[in-house]
């Protein structure tokens, strides 16, 4: 079968999820969009030398049994999708990808492999099931990188180095929070960092007004169950930096909105909010190495027929 790899379509995205040095022992033929490796100065010939076929973007859509697109399929390219294709990427079928699932995916009988950071799932029609042969949290290094880099970049964007007198609260115990802790401790704030977990958030809410920096690494499943709201802003120190590294702006931290590399900070009353998506792209060379190795070992090497068989096992009506 044929696995098509599309260039990232998100603005500013430089990460690559497949590097030539990791292409070995694949069960599928690999179709690569021309110019895929440009951000890392990797030529099409380097992919060809590994046995890949270089095609135009339209040709990849037309010929591939499965398509990998990091952040999903751009809306303007929905018409290029073929019936029964497998779509691989961060699709989020129950969140931002819900409209895609209910419309395009159902109409074209697509099989969706949602590469969630914790539990990869397969989605088809109205069903979502875990993928038993892809390890949970297999992209954890990318999440750790997000926490590490987001902490450093937010500090630089704020314009003040962390020090032994900087009081920092980190919410969560997952990969993103661990990366944030690692960075903050190396930046000089080791004596005044507190990590708060879901089990002791009550303590955080009693003391949050004492912190100079609040870093959130908790993603919420209920978008109405916010970790921080506008009411909390009123009691924060003037100039407090809130770094929202969770999955979706405005969910865990209600007053956060997506910021950009050009304007990384948002002013909310007397505090500042940092909420840039795709933070690992800032270190795209490191992130590409991490992602390529992870995706190769756990997703790309496998025979695509395994995903089709899994869908059939769950009763999916594959046309």
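A quick yes/no check of all residues on (1) surrounded by fewer than 15 Cβ atoms within 10 Å (Cβ to Cβ); (2) over 27 Å from residue 292 (Cβ atoms); (3) in contact with a strand residue (DSSP E or B) (Cβ under 7 Å, 6 or more places away or on another chain):
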position: 83; (1), (2), (3): yes, yes, no
position: 88; (1), (2), (3): no, no, yes
position: 97; (1), (2), (3): no, no, no
position: 105; (1), (2), (3): no, no, yes
position: 108; (1), (2), (3): no, yes, no
position: 112; (1), (2), (3): no, no, yes
position: 121; (1), (2), (3): no, no, yes
position: 125; (1), (2), (3): no, yes, no
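For segment 295-319, the candidate set comprises residues that are crowded, with 18+ Cβ neighbours inside 10 Å and part of a helix (DSSP H, G or I); within that set, the residue that is nearest to the chain's Cα centre (by Cα) is 295. If you go through segment 2-52 and keep only what is on the phi > 0 side of the Ramachandran plot, in contact with a helix residue (DSSP H, G or I) (Cβ under 9 Å, 6 or more places away or on another chain) and modelled with pLDDT of 95 or more, you end up with just 35. Considering segment 174-273, the qualifying helices (runs of 4 or more DSSP H), each wholly inside and each with 2 or more residues that are touching a helix residue (DSSP H, G or I) at 6+ places or on another chain (Cβ under 9 Å) and under 20 Å from residue 152 (Cβ atoms), run over 175-184. Exactly one residue among 71, 2 is closer than 25 Å to residue 92 by Cβ and touching a residue at least 40 places away in the same chain (Cβ under 8 Å), and that residue is 71. If we keep just the residues of segment 233-248 that are out of contact with any strand residue (DSSP E or B) (no Cβ under 9 Å at 6 or more places or on another chain) and crowded, with 18+ Cβ neighbours inside 10 Å, which is modelled with the highest pLDDT? The residue in question is 248.
Only one of the numbered conditions (1) within 25 Å of residue 74 (Cβ to Cβ); (2) buried (at least 19 other Cβ atoms within 10 Å of the Cβ); (3) at pLDDT 90 or above is violated by residue 168, and that is (1).
The numbered conditions (1) under 22 Å from the mean Cα position of the chain (by Cα); (2) without any contact (Cβ under 8 Å) to a residue 40 or more places away in the chain; (3) closer than 25 Å to residue 143 by Cα are all true for residue 15 except (2). For segment 12-28, indicate whether the set of residues that are surrounded by 17 or more Cβ atoms within 10 Å (Cβ to Cβ), in the same structural domain as residue 98 (by TED's automatic domain parsing) and assigned to a strand (DSSP E or B) is non-empty. The answer is no; no qualifying residue exists. Number of residues in segment 95-117 that are over 25 Å from residue 224 (Cβ atoms), assigned to a loop (DSSP other than H, G, I, E, B) and touching a helix residue (DSSP H, G or I) at 6+ places or on another chain (Cβ under 8 Å): the value is 2.
The values are calculated or read from the model by the stated rules, or taken from the named source; none is laboratory data. Nothing here was measured: the structure is a model prediction, and the numbers come from that model. Quick reminder, even Gly has a Cβ in these numbers, built from the backbone with ideal geometry, and neighbours come from all protein chains shown.
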